[in-house]
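Participant: My questions all concern the structure below.
The values are calculated or read from the model by the stated rules, or taken from the named source; none is laboratory data. Since the structure is predicted, the reported quantities are computational estimates derived from the model, not experimental observations. Glycine also receives a Cβ, built like all others from the backbone with ideal geometry; neighbour counts cover every protein chain displayed.
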Amino acid sequence: MRDTPVVVIAYNRPDKVRRLISRLEELKPTNIIFAVDGPKPGKPSDVTKVSEVQSLVNKFTWTDKVETRFRPTNLGLRAAVTDVVSHAVSAHGQAIIMEEDTLPGKNWFPYAEEMLSRYRSETSIEHISGYNLVPDKFQTKQGRGSRLSRYPESIAWATWDRAWDKFDGSLEWALNASTSEIAKIVGSTAGAIRWKQNFADAEANRISTWAYRWIASMWSRNSYVLSPNQNLVTYAGYDEGTNSLMKAPWSELDLFEGPIGSVLETNPVLDESADKWVGEKVFAETPFGVARGLAITAALELRKQNRARKAKRK
């Protein structure tokens with residue numbers, strides 16, 4: 001089995017990074033890439049917080065294989081993530097990625113390592129998720145094994161170079177795909193319209209997101225996500241996340257700490273029931289979601305303009 005690097009993506013939240021490192025110390029992954037984005041210009045508090053986060057590299061005491069990737073200035077979420085993931089998979093062929101506001105359970109790294117090995121040559125699978133939100137009753141397999149999905153989650157995941165090398169940051173497919181093309185993927189016209197809104201927000205830089213670009217890249221190739229039917233990671237980013245405007249309209253599932261064998265069952269298939277739940281609950285692929293999307297776009301545009309005005313005054 002490969003010594004897959006665990007990429008820790010951090011910025012300016014030392015308390016969350018400290019908590020994540022404490023959990024990693026319990027699990028003891030041996031190969032770490034610690035990536036910290038730089039402070040934003042004109043934000044003195046950022047300099048202090050980012051410096052504090054960088055100093056936490058000294059907490060990785062259980063391994064001597066720690067690579068740092070500290071940025072002197074702020075790249076932003078989109079560029080910071082794509083930069084370090086590209087670096088990691090180029091150097092190692094595959095990577096496990098953890099954002100600073102996550103906590104892995106004991107099964108996440110073994111699951112990711114096994115699935116990276118098992119499906120490395122299965123080119124239709126490009127992403128492995130660790131964060132499952134779908135309750136058992138909406139899953140075909142009712143909490144056992146893994147499923148295929150159209151929706152990659154972006155806080156704790158893994159991928160290979162053969163998939164990530166095809167990442168298209170330009171959103172070319174997303175901006176040119178018709179509503180009917182996207183509807184064939186997500187299952188509804190409302191869902192397709194909602195995703196056209198998401199892609200437009202990303203293209204206009206109203207939201208700094210690599211994740212929508214990754215979703216579009218995968219959809220353009222008709223590829224899939226492998227997701228456990230149990231939740232292997234917990235998340236605590238809705239309180240102060242970069243792109244969070246509201247509390248999530250779902251409840252996080254309990255962390256699965258049972259025997260990993262039941263999650264490793266093979267022969268995953270596309271679970272349309274689970275994807276329908278994700279589409280409606282997580283991505284608001286409903287007529288109401290489309291209407292709310294218009295309001296979100298307006299709020300994001302206002303925030304973007306306010307930031308631009310503040311930057312001009314400095």
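Participant: Taking the stretch 154-179 only, how many residues are of a type in the set (Asp, Glu) and modelled with pLDDT under 95? Please lay out each step first, then the result.
Facilitator: Restricting attention to the stretch 154-179, the residues satisfying the condition of being of a type in the set (Asp, Glu) are 161, 165, 168, 172.
Adding the requirement that they be modelled with pLDDT under 95 leaves 168.
Residues in the stretch 154-179 being of a type in the set (Asp, Glu) and modelled with pLDDT under 95: 1 in total.
Participant: Which residues, taken from the stretch 41-74, are under 30 Å from ARG313 (Cα atoms), within 22 Å of the chain's Cα centre (by Cα) and either buried (at least 17 other Cβ atoms within 10 Å of the Cβ) or in contact (Cβ under 8 Å) with a residue 60 or more places away in the chain (or both)?
Facilitator: Filtering the stretch 41-74 down to residues under 30 Å from ARG313 (Cα atoms) leaves 41-54, 70-74.
Still in the list and also within 22 Å of the chain's Cα centre (by Cα): 50, 53-54, 70-71, 74.
Matches in the stretch 41-74: VAL50, VAL53, GLN54, ARG71, ASN74.
Participant: Right, next: I need the full set of residues from the stretch 95-108 which are part of a loop (DSSP other than H, G, I, E, B) and closer than 19 Å to GLU257 by Cα, in order please.
Facilitator: Residues of the stretch 95-108 part of a loop (DSSP other than H, G, I, E, B): 100-101, 105-107.
Result: GLY105, LYS106, ASN107.
Participant: Further question: State whether one or more residues within the stretch 29-43 are in contact with a helix residue (DSSP H, G or I) (Cβ under 7 Å, 6 or more places away or on another chain), polar (S, T, N, Q) and modelled with pLDDT of 95 or more. Can you show your working first?
Facilitator: Taking the stretch 29-43 and keeping what is in contact with a helix residue (DSSP H, G or I) (Cβ under 7 Å, 6 or more places away or on another chain), we get 29, 33-40.
Cutting the leftovers down to polar (S, T, N, Q) gives us none.
No, the stretch 29-43 has no match at all.
Participant: Can you find a residue in the stretch 122-143 that is touching a residue at least 60 places away in the same chain (Cβ under 8 Å) and at positive phi? First the steps, then the outcome.
Facilitator: Here is the first cut: in the stretch 122-143, the residues touching a residue at least 60 places away in the same chain (Cβ under 8 Å) are 123-136, 138-143.
Going one step further and asking which of them are at positive phi, we end up with 142-143.
Looking through the stretch 122-143, at least one residue is touching a residue at least 60 places away in the same chain (Cβ under 8 Å) and at positive phi.
Participant: Determine if the stretch 9-24 includes at least one residue that is outside any helix (DSSP H, G or I), more than 18 Å from the chain's Cα centre (by Cα), farther than 24 Å from GLU126 by Cβ and aliphatic (A, V, I, L, M).
Facilitator: Among the residues of the stretch 9-24, not one is outside any helix (DSSP H, G or I), more than 18 Å from the chain's Cα centre (by Cα), farther than 24 Å from GLU126 by Cβ and aliphatic (A, V, I, L, M), which makes the answer no.
Participant: Ok, one more. If GLY241 satisfies all but one of (1) of a type outside the set (Lys, Arg); (2) assigned by TED's automatic domain parsing to the domain that holds ASP101; (3) at pLDDT 85 or above, what's the number of the condition it fails?
Facilitator: (3)
Participant: On to the next question. Quick check on this structure: which one of GLU99, GLU114 is within 11 Å of ILE155 (Cα to Cα), under 20 Å from the mean Cα position of the chain (by Cα) and not aliphatic (A, V, I, L, M)? Outline the logic, then answer.
Facilitator: Details: GLU114 fails: within 11 Å of ILE155 (Cα to Cα).
Only one candidate qualifies: GLU99.
Participant: If ALA216 meets every condition in (1) of a type outside the set (D, E, K, R); (2) closer than 29 Å to VAL17 by Cα; (3) touching an Asp or Glu at 6+ places or on another chain (Cβ under 9 Å) apart from one, which number is that one?
Facilitator: In the conditions (1) of a type outside the set (D, E, K, R); (2) closer than 29 Å to VAL17 by Cα; (3) touching an Asp or Glu at 6+ places or on another chain (Cβ under 9 Å), ALA216 misses (2) alone.
Condition check ((1) among the basic types (Lys, Arg); (2) surrounded by fewer than 16 Cβ atoms within 10 Å (Cβ to Cβ); (3) more than 14 Å from the chain's Cα centre (by Cα)) across all residues:
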position	(1), (2), (3)
GLY93	no, yes, yes
THR159	no, no, no
ALA163	no, no, yes
VAL186	no, no, yes
THR189	no, yes, yes
